[in-house]
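We did not get these values from a lab; they are worked out from the coordinates using the rules stated. Predicted model only: the values in this text are computed from it and were never measured. Neighbour counts run over all protein chains shown; Cβ positions are idealised from the backbone, glycine included.
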Amino acid sequence: MTRVVALTGNQAAAEAMRQIRPEVCAAYPITPSTQVMETFAQFVADGRVDTELIPVESEHSAMSACVGAAAAGARVMTATSSQGLALMHEVLYVASGLRLPVVMAVATRALSAPINIHGDHSDAMGSRDAGWIQLYAEDAQEVYDTLLQAVRIAEHPQVLLPVMVCFDGFTTSHTIERLVILEDAEARAFVGEYQPAHPLLDLKRPVTYGPLVLPDYYTEIKRQQREAMDHAPGVIREVGKAFGERFGRFYGLLEAFHLQDAEVALLLMGSAAGTVKGVVEGLRQEGIKAGVLRLRAFRPIPAREVAAALAPLKAVAVLDRADSVGSPGGPLFTDLRAALGELPVRPRMVDYVYGLGGRDLLPEDVRRVYSRLVRLAAGEGEDEAVCQYLTVREAPRPLSPVGGA
Amino acid sequence: MAAQKATIAAIRSPSVKELSLHPDLLSGGHRLCAGCAESIIVRQVLLAAQAPVVVINATSCLEVATTIYPYTAWRVPWLHSLFENAAATVSGVEAAWRALQRRGKIPEERIAFIVFAGDGGTYDIGLQSLSGALERGHRFLYVCLNNEAYMNTGIQRSSATPLGAHTTTTPAGEVIPGKLQWRKDLTGIIAAHRIPYVAQTALTPQPLTDLTTKVRRALEADGPSFLNVYSPCNRGWRFEPADTIRISQLAVETCYWPLFEVVEGEWRLTYTPREKKPVAQWLEAQGRFRHLLKPEHRHVMDEIQVWVDREWESLLARTGRAAAKRDEAPPRPAPGHRPERAEPPQTARAAQGEGGAARCPCGASSPGVQWGCLFCGRVCCPRCAYSPEGLTVCARCARDLFGIAEPPALASAERRWISRE
Ligand SMILES: Cc1ncc(C[n+]2csc(CCOP(=O)(O)OP(=O)(O)O)c2C)c(N)n1
Ligand code: SF4
Ligand SMILES: [Mg+2]
């Protein structure tokens, strides 16, 4: 039995959290994720969930309390955005380093300065190396579904890593969408019970969490983190499949749209996929072999799958919703290049930084990108920079001195 | 609340003899310095606690010295996360404990959640996190191991460092006589949170069980509790490792570190020295104040006495032992203030031998030549000095700051040197 409801992405996240019933949530308000905790706090106030809610005095403390609670042996969730995620930065590494399966909803948002409350991926990209799994949802339904799956992924004994479920600030966090919600019992049965292996509160077996580790052992501990992350792709796929078998919506590491016979494609993450898919439908009617590859998992990056999916294509453009100033392109682009680097024959690859601070991505912008890809696919001379900003008040110009793809 | 107040006040620590029968929950073999007060305090806290204990530790000397992987000195569950977040971390642990009990996932039993953090982690970088946790009312005991500086990183000033103290970021120099500010009244700030139990205590033979009694009381409080424990550090304060307890007692007898508690808002002295000793006795016992003995810096000693008197009188008033006086603060230096240049310049003078020659602890002397360490200003001859990039760093600072082994000539002179300070 399921229910069809109209919720924002934030409310969908709160609904998932209510059903997951974490023992502890510690959070601090920040636009655009505030509504997650507001909604959840109301659930607690109304007795609809018995979570211990800790309304802390900062995001640094929010993640610190999550670390304490998770080490204690509790299932723990939180939500944040932007400056909040930046303020947590130091603690994110503690959560992953201590192998604590915290799950966090991140309504992604631009970073100051200048201050801007709207969506882009700068905040999440800033923590991409923090040892967290990062999953990107396209819409409210995926926010809900992915949070339920995230708990199982994080707590999987072969993984034991924290997970961020990222979704676009405002576009997804604040848009009311139609979505399907599971019965509480079904959701709970899917998520299962958390069995912590070494809880701090096991008084009979005292553990020392977070010791000083010197050069003689530090490397091995970091290596174990990498191994855990190496297990993550298999587990993400397995959990996504189990979810699909039970509820009809299947998930993997990436989503391909019209990619089978495509010659040109866009690679992107998040809500922009909706706009891009619409454009592709149109292009297909015009006879253009356009496709889309949307990454669901950014950490771990499914490099092999991406390479396999894109190898046969002639030209690929990355849509990066964050810049990495000083690098050859946006963070997704540099990862794509690395992923495809081993291929004997590679498609042409270009990068567009888009949607910063909430700037809209319009269908005509997307069309512009595809028409460039078509030119590149036809082997026409490259007249533009490899990396550029899409929709900016200036003539396009190179973002970096790095040469053509 | 009155009942609670009376109950708490009635609690007494068992005798030391009785406590000594309890198992030691912090094992030996850790790497804290010989004579460090921190391990003594921690062991006493753990001995006094009756409920099972879970420890949260902020980054500090205690944390790094007791858990060098793959070893641990802790026989109780122990968690370290970061430097400034111990209070937020314990909030999460305590909330998890409540939630897991409610769901029947762990047995219903009381646990004493105890935080150990340094003064840096408490007065400075962790103050926000602590204030938040106190305001939310989590049930835990926060123990500040107050050695009045950042010792783990090599003796830098904190807002607990007293006026005049030499630290590596407030070095005593020819112009500036150590730290220019008085310390922050953290215990008062914590008391202003109106939590059930706040106290200041120290390792004192007189009264012998002040610390353990306060631990018992704090753990009985229905809500957060806080102990500011005076924690002499022989490395940072420059005294003989054997003198830790003596220095503690002096701090108490001079009223530099009065022993008191605030139970449900009521301030009480837990010890009154029979005769209040001049603070100079305590200052003179520590190398970190050595430069204040110079005539041109003696006025700093007087200022310290003024601060101590003022705080003591205000404590007497708060505890109902004296009428409240108008609380006049001694002048404070404006930010960026530079004292007048002290005359004459002082680098090596204090260590000059009878003939007026600067004398290195190895015994070498050189009339007319002023050898001075860049960091501490002490005399050090070129043979003993470590000279990176043409700078002069005395052998002891080279050892402390850069981990450079000291020349053998000094090893025997070392003890003499310390006791001379
Ligand atoms: C955010 C952050 N800044 C700085 C440090 C470096 N650091 C580690 S311990 C410490 C000083 C600790 O001083 P205190 O809290 O007084 O404890 P003590 O070692 O004196 O007992 C500092 C500055 C850190 N670990 N984290
Ligand atoms: S430096 Fe001071 S506080 Fe740190 S272990 Fe040594 S004596 Fe103790
Ligand atoms: Mg300290």
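From the square roots a ≥ b ≥ c of the eigenvalues of the alpha-carbon gyration tensor of chain A, which class results: rounded (a/c under 1.5), prolate (a/b over b/c), or oblate? Because a/c hits 1.5 or more and a/b exceeds b/c, chain A counts as prolate. Counting only aspartates and glutamates at least 8 places from B:Lys214 when in the same chain, those with an alpha carbon closer than 12 Å to its own are B:Glu261. Restricting the trypsin sites (Lys or Arg not before Pro) of region A:290-350 to loop positions (DSSP other than H, G, I, E, B) with no more than 13 neighbouring Cβ atoms within 10 Å leaves nothing.
Other protein chain C-beta atoms within 10 Å of residue C-beta, averaged over B:307-316: 0.
Within region B:246-332, the chymotrypsin sites (Phe, Trp or Tyr not before Pro) that combine a DSSP coil assignment with at most 16 other C-beta atoms in a 10 angstrom radius are B:Tyr271. Scanning residues 5 or more positions from A:Asp320 or on other chains, those with amide H under 5 Å from its amide H are A:Tyr352, A:Val353, A:Tyr354, with H placed 1.01 Å from N in the peptide plane. Inter-chain neighbour count for A:49-62: the average number of beta-carbon atoms from partner chains within 10 Å of each residue's beta-carbon is 5.
Taking amide H as placed 1.01 Å from N in the peptide plane, B:Phe113 has its amide H under 5 Å from the amide H of B:Val54, B:Leu141, each at least 5 places away in sequence or on another chain. Cross-link partners of B:Lys105 among aspartates and glutamates, defined as those whose alpha carbon lies under 20 angstrom from its own and excluding same-chain residues fewer than eight positions apart: A:Glu23, A:Asp50, A:Glu52, A:Glu155, A:Glu193, A:Asp202, B:Glu94.
Using only Cα atoms, tell me the angle between helix B:298-318 and the longest principal axis of chain B; keep it within 0 to 90° and round to the nearest 10. Around 10 degrees separate the two axes. Couplings for region A:112-119, taken from phi via the Karplus curve 6.51 cos²θ - 1.76 cosθ + 1.60 with θ = phi - 60°, read 6, 9, x, 5, 7, 8, 8, x Hz in order; Gly and Pro are left as x.
Comparing B:Pro258, B:Pro335, B:Pro361 in a Gaussian network model of chain B where C-alpha atoms under 10 Å apart are linked, the largest mean-square fluctuation is found at B:Pro335. In a fully extended conformation the segment linking A:Arg367 and A:Asp230 would gain 45.7 nm over its present Cα-Cα distance, using 0.36 nm per residue.
Could you work out which residue, out of B:Ala191, B:Ala218, B:Ala398, moves most in a Gaussian network model of chain B, that is, has the largest mean-square fluctuation with Cα springs under 10 Å? Maximum among the listed residues: B:Ala398. The HN-Hα couplings worked out from phi for region A:308-313 by the Karplus form 6.51 cos²θ - 1.76 cosθ + 1.60 (θ = phi - 60°) are 5, 6, 9, 3, x, 7 Hz, whole numbers, x standing for Gly and Pro. Each residue in A:Arg246, A:Arg21, A:Arg284, A:Arg75 was given a count of other beta-carbon atoms within 10 angstrom of its own, and listing them fewest first yields A:Arg246, A:Arg284, A:Arg21, A:Arg75. Relative to the globular-protein estimate of 2.2 N^0.38 Å, the Cα radius of gyration of region B:1-151 stands at 1.08.
Between B:Glu148, B:Glu108, B:Glu135, the Gaussian network model of chain B with springs among Cα atoms under 10 angstrom shows the greatest mean-square fluctuation at B:Glu108. Inter-chain Cβ neighbour count for A:217-223, averaged per residue, equals 1 (cutoff 10 Å, partner chain atoms only).
Shown here for region A:1-69: trypsin sites (Lys or Arg not before Pro) in loop regions (DSSP other than H, G, I, E, B) with at most 16 other Cβ atoms within 10 Å, namely A:Arg48. Counting only residues at least eight positions apart within a chain, or on another chain, the aspartates and glutamates with an alpha carbon under 14 Å from that of A:Lys289 are A:Asp261, A:Glu263, A:Glu281. One chain, two ends: A:Ala311 and A:Ala197. Fully extended at 0.36 nm per residue, the span grows by 36.9 nm beyond their Cα-Cα distance. When trypsin sites (Lys or Arg not before Pro) are flagged only if DSSP places them in a loop and at most 15 other Cβ atoms lie within 10 Å, the longest unflagged stretch of chain B comes out as B:111-193. Expressed to the nearest 5 percent, the antiparallel share of DSSP beta bridges inside region A:255-389 is 15 percent.
If R0 is taken as 30 Å, the Cβ-Cβ distance between B:Ala334 and B:Leu401 corresponds to a FRET efficiency of 0.50. When shorter helices are ignored and each DSSP H run of at least 4 residues is given -39500 (n - 2.57), the per-residue value for the protein assembly as shown at 222 nm works out to -11000 deg cm²/dmol. Taking the C-alpha atoms only, the angle from helix B:244-253 to the longest principal axis of chain B is near 80 degrees. Here the spin labels are modelled as points 7 Å beyond Cα on the Cα-Cβ line, and at A:Arg3 and A:Glu384 they lie 4.6 nm apart.
Ranked by the mean number of other Cβ atoms within 10 Å of their residues, highest first, the peptides B:52-58, A:365-371 fall in the order B:52-58, A:365-371.
Each of B:His299 and A:Arg393 was given a label point 7 Å from its Cα along the Cα-to-Cβ line. The distance between the two points is 5.9 nm. Taking a point 7 Å out from the Cα of B:Glu109 in the direction of its Cβ, the residues of region A:202-239 whose backbone N falls within less than 17 Å of it are A:202-207.
When the Cα gyration tensor is reduced to axis lengths a ≥ b ≥ c, the ratio a/c stays below 1.5 for region A:255-389, which is therefore classed as rounded. Largest first and in whole Å, the equivalent-ellipsoid semi-axes of the protein assembly as shown read 57, 34, 23, each the square root of five times a Cα gyration tensor eigenvalue.
Using 21 Å as the Cα-Cα cut-off, could you pick out the over-long pairs in B:Lys17/B:Lys276; A:Lys277/A:Lys314; B:Lys5/B:Lys325? Pairs exceeding 21 Å: B:Lys17/B:Lys276; B:Lys5/B:Lys325. In chain A, once you exclude exposed GluC sites (Glu not before Pro) (DSSP loop, at most 11 other Cβ within 10 angstrom), what's the longest stretch remaining? So the longest stretch without any such site is A:1-192. Annotation: amide H-H contacts under 5 Å for A:Cys387 (H modelled 1.01 Å from N, sequence separation of 5 or more, or interchain): A:Asp351, A:Leu399, A:Ser400. For region A:317-330, putting each phi into the Karplus relation 6.51 cos²θ - 1.76 cosθ + 1.60 with θ = phi - 60° gives couplings of 10, 9, 9, 9, 9, 7, 9, 10, 4, x, 9, x, x, x Hz, in residue order, rounded to whole numbers and with x for Gly and Pro. Summarised as an ellipsoid, region B:2-318 has semi-axes of 32, 22, 18 Å, derived from the eigenvalues of the Cα gyration tensor scaled by 5 and square-rooted, with the largest first. If R0 is taken as 45 Å, the Cβ-Cβ distance between A:Asp129 and B:Glu240 corresponds to a FRET efficiency of 0.40. In this rough spin-label picture, where each label sits 7 Å from Cα along the Cβ direction, the A:Leu214-A:Ser112 distance is 4.2 nm.
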